[in-house]
Structures are given as C-alpha cells and as structure tokens.
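Have a look at the structure below, then the notes.
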Amino acid sequence: RLQLAEVRAETPTGITVVLVSEWGRALLATIGIEQAQVLRLSGMRFEGVPMPEAFRPRPMPMDALVEEARRRLDALAAEDRLSGSFLLAHAGRPLFAWHGGLADREASVPVSAETRFRFASLGKMFTAVAVLQLVEAGRLDLDAPLSTYLPDYPNRAVADAVTLRHLLSHTGGTGEVFDARFSAISSTLRTHRDYWPVYAPAPLAFAPGSDDGYSNYGYILLGSVIEAVSGQSYYDYVAHHIFDPAGMGATGAEPESVEVPGRAHAYTRVDGRWVRETASLPWRGTAAGGGYTTAGDLMRFAAALADGRLLSEASLRMATQPQNTKGWYGFGFLVGGDGAQRQYGHEGGAPGANAVLNVRPATGHVVIGLSNLDPATMEQTVNFITQRLP
C-alpha cells in the first residue's frame, strides 16, 4: 500500500508527488496529464527518493526488533508468501537467524542454513570488487575506454566512448540483456563473449556520463574485461580473489544443468500457485549476477570488506559512495543514507529469486535476506528491519 506524503509540484499538465510504502520506501511519482474532454494520463515515472523526515521509521531496541523480525517472517511463511533465509548480524557475528519454507517443494526439502539461493544482481558487488582489485594492482584504469581492454569488441563506437567508470556506475547507456529475446536464446549464452554478437550492435541509450540507467549488459562487459586482463575465467578470478579470502565456500555460479548440493529450486507464482521457474534463468550466472550463495556466506563477504581482506579502505569508500548522476549507486553497490544510517549493499530480483544485502558501516550491522520465491516479499522485510536498527 502507498500513502501520499507530499506534493512536490502541480501544473495543468502534471503532478509530482512523494509516495511512501508501509515497508519504508519512498517514491517520487511524476504523472503527466493530457487536457482533453476527458483527462487522460500521458505518462508516469517512478524514482526512489530519500524518505521525508516525518515518515522516517524510528529505531527500535534490538530485542524488540528481533521479535518483530521473527513475527513477520513466521507469518509470511505460514501464509506461503515467503521461503528463504534471513540473517541479522553485528561485527561479523549473527544476532538472529531465520530459515523457513521449502527449498524443494516437490521433495518437501526444508530450507536450512546450508541452502544455497540464487543471488540475482547481488553478483554485481563481486564484479565491482574484482575490477577495483585490478585497479589497485595497476592493471586497470577506471577512466580508460572499454576498447583499451577489449580491442576486438565489435561495436567500436561504443567501446571508444564508454569507460570502466561508466560501466561500474550504470552511466554508460549500455542497455539490458533481459529483453524479449532472452528466454529463447539463454541456453546459447554460455560465456560473457557469447553476449557480444546479440547485444553489441545496439546504440547507446544516452551519452556516457550524461544520465544513468541500470545496465546488466554493462556488467557483462566488465566480466569480459576481468577475463581479458587477468587471463582467468571470471568464475576462477572471483573464486580465488573474493570467495576464498572471504571464506565463502558455498558461493559459486555453476550452470543450471549441474547438480549443486543444497541449491534451492526457483518458484514463481502462476495463477495463484507456486510452480518451478526455469525460463528466465541464465545458462549460468554471469558478472551481472545469477550465481548462488548462503546467508552465512554473504555475512562473511560483508566482514571481509569491512576488515580490508578484499579492498583497501579507500577503494571501498569510493565503491560505496554515490558515483552516478542521481546518487543511488556507487561502483557495484546501491548506496544511501547519511551518518549512522548510511548503508550500502545490493538487491536482486527475478522470477523465483529475491536477494538483499544491507550493510550499515557506522554501526557494524548487516541484514541479509535470500528467497527462492518471486520479489519483493523478502527485500521488503529486510528493508523494514534495516530501517529500524538501533
């Protein structure tokens, strides 16, 4: 449910308002109106904005917050609206862990702490960390054009115009891969370079640096850069340089055709029933996301970032501060808030997958949610709890 918080602008041809949800999100809604015999909508746009002060959730004592989290999670699972893992941690140690629902409905396998969930777009964090590691090693330059590292990229005009900085911050205009063609061709897209012939011909959506637009294809290209510069597959690089140092032994991106112990099945809602989802799944996860992990491994990733095992303090600060035109994204991380409420992390969603990692660096709190059901129940729950941390 949405509630009107304030009216920002009102004209004969449109209105701009701030709407807030019961889950603690604020949206800037711009609605265009055509003046005719009957008023008609001419357009509608939604953007995330900071929560107006009067509507900001108030902090709760930790004991009360844990009980509220438990109550909400249990209720959602009882209503068959949620299946997954939730973890609230502080300074690398769990404060509250919850697991509920079924990892495999057909075999009645319950979710456990070892269940591996698809993390969707959370993989962009790993890609950004890999790029910044290579920058720290002097092997990449954020302001170098893509053509420096991919000289054989088939669209030279794009490769000469877009830099790594643009790709990391979604300001390159490189577009999307999950379009109408994807399900029909996903089984043929087995490497990062397999995406090139399909998506490289498209022109840029805007001049690089002039706007922002979420781009999964931009992160596919970053995966290609990591492979070209490191001499390793993307999967080997992140395993050796991110997952191993962080102790993330349950995280990976094996193809869907490979039997991965403990990997949950994905389920999407069709005609009111949860059914197995396969059509939207890529052949395997990529640098844009789509692998699998556990809540415990994501806690270990957040701890490894905080203690400097993966990046220098300067690189982490750069990655987790606003780097795009509207201020909602750093390098591989969603960012927001100020002071003790400053946070970074990522959200990911697709049919049969919903994942969230929120980190509050000033207080050391980490909130994690993973689900094998459709968005956005898990992310709403995680954000509700995050916004009420003491």
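The values are calculated or read from the model by the stated rules, or taken from the named source; none is laboratory data. Since the structure is predicted, the reported quantities are computational estimates derived from the model, not experimental observations. Glycine gets a Cβ as well: all are built from the backbone with ideal geometry, and neighbour counts include every protein chain shown. These area figures cover heavy atoms from the full protein model, side chains too; ligands, DNA and RNA do not enter into them. Shrake-Rupley method; radii C 1.70, N 1.55, O 1.52, S 1.80 Å.
Observations
- The figure for HIS90 is an accessible area of roughly 70 square angstrom, using a 1.4 Å probe on the protein chains alone.
- With R₀ fixed at 30 Å, the C-beta to C-beta distance from LEU2 to ARG269 puts the FRET efficiency at about 0.90.
- Multiplying the residue separation of ALA314 and GLU259 by 0.36 nm and removing their Cα-Cα distance gives an extension gain of 15.9 nm.
- Taking label points 7 Å from Cα along the Cα-to-Cβ direction, ALA340 and THR13 give a separation of 4.7 nm.
- Between THR325 and MET44, the distance separating the two model label sites (each 7 Å from Cα on the Cα→Cβ line) works out to 2.4 nm.
- Remark: the range 249-255, residue by residue, has Karplus-estimated 3J(HN,Hα) of x, 9, 9, x, 8, 5, x Hz, where x stands for each Gly or Pro and the curve is 6.51 cos²θ - 1.76 cosθ + 1.60 at θ = phi - 60°.
- Element breakdown for the range 1-123 at a 1.4 angstrom probe: carbon and sulfur atoms account for 54% of the accessible area.
- Placing unit charges on each Cβ (+1 for Lys and Arg, -1 for Asp and Glu) gives the range 11-79 a dipole about its Cα centre, and among PHE46, TRP23, ALA77 the Cα reaching farthest toward its positive end belongs to PHE46.
- Inter-centroid distance (Cα atoms) of the range 170-218 relative to the range 239-267, Å: 24
- Take each peptide in 364-373, 80-89, 151-160, count the other Cβ atoms within 10 Å of every residue, and average; sorted highest first, the result is 364-373, 80-89, 151-160.
- Placing +1 on the Cβ of every Lys and Arg and -1 on the Cβ of every Asp and Glu, with no other charges, gives the range 42-162 a dipole of roughly 160 debye about its Cα centre.
- Dimensions in Å of the range 185-309 - Rg and Dmax from alpha carbons: 16.7, 48
- Debye intensity ratio in log₁₀ form over the Cα atoms of the range 125-273, taken at each q of 0.09 Å⁻¹: -0.32
- Per residue accessible area of the range 33-73, 1.4 Å probe, in Å²: 75
- Euclidean distance of C-alpha centroids, the range 279-351 and the range 60-96, integer Å: 21
- The range 42-173: relative contact order as a whole-number percent, Cα under 8 Å and 6+ apart: 11
- Surface exposure of the range 272-333, expressed per residue as accessible area with a 1.4 Å probe, stands at 37 Å².
- Protection-proxy order for peptides 351-357, 189-195, each taking the mean of Cβ atoms within 10 Å per residue, highest first: 351-357, 189-195
- A viscosity of 1.567 mPa s and a temperature of 4 °C, combined with the Kirkwood radius over Cα pairs in Stokes-Einstein, give a translational diffusion coefficient for the chain of 59 µm²/s.
- Overall shape of the range 266-390 was characterised from the C-alpha gyration tensor. The equivalent ellipsoid obtained from it has semi-axes of 28, 16, 14 Å, in decreasing order.
- Taking all protein chains into account, the per residue accessible area for the range 113-257 stands at 38 Å² (1.4 Å probe).
- For the pair THR30 and ARG56, the difference between a 0.36 nm per residue extended length and the Cα-Cα distance amounts to 7.2 nm.
- Take every Cα pair under 8 Å whose residues are at least 6 apart in sequence, average their separation, divide by the length of the range 125-271, and the relative contact order is 26 percent.
- Taking the average, over residues, of other Cβ atoms within 10 Å as the packing measure, peptides 379-386, 305-312 rank 379-386, 305-312 from highest down.
- Listed values for the range 87-104 are Karplus-derived 3J(HN,Hα) couplings in whole Hz (6.51 cos²θ - 1.76 cosθ + 1.60, θ = phi - 60°), namely 9, 10, 10, 9, 6, x, 10, x, 9, 7, 10, 9, 9, x, x, 10, 7, 9, and x replaces Gly and Pro.
- Using θ = phi - 60° and Karplus 6.51 cos²θ - 1.76 cosθ + 1.60, couplings along the range 128-142 (whole Hz; Gly, Pro as x): 5, 4, 4, 4, 5, 4, 6, 5, 4, 7, x, 9, 9, 10, 4
- The relative contact order of the chain, computed from alpha carbon pairs under 8 Å that lie at least 6 residues apart in sequence, is 20 percent.
- ALA91-GLU114 FRET efficiency (beta carbon distance; Förster radius 22 Å; 0.05 resolution): 0.40
- The figure for ILE33 is an accessible area of roughly 50 square angstrom, using a 1.4 Å probe on the protein chains alone.
- Kirkwood analysis of the Cα pair distances in the range 248-330 returns a hydrodynamic radius of 15.7 Å.
- Note on ALA202/ASP152: beta-carbon distance plugged into 1/(1 + (r/R0)^6) with R0 of 22 Å gives a FRET efficiency of 0.80.
- Listed residues THR16, THR115, THR377, most fluctuating in the chain (Gaussian network, C-alpha, under 10 Å): THR16
- When Rg and the Kirkwood Rh are both derived from Cα coordinates, the Rg/Rh ratio for the range 83-184 amounts to 1.14.
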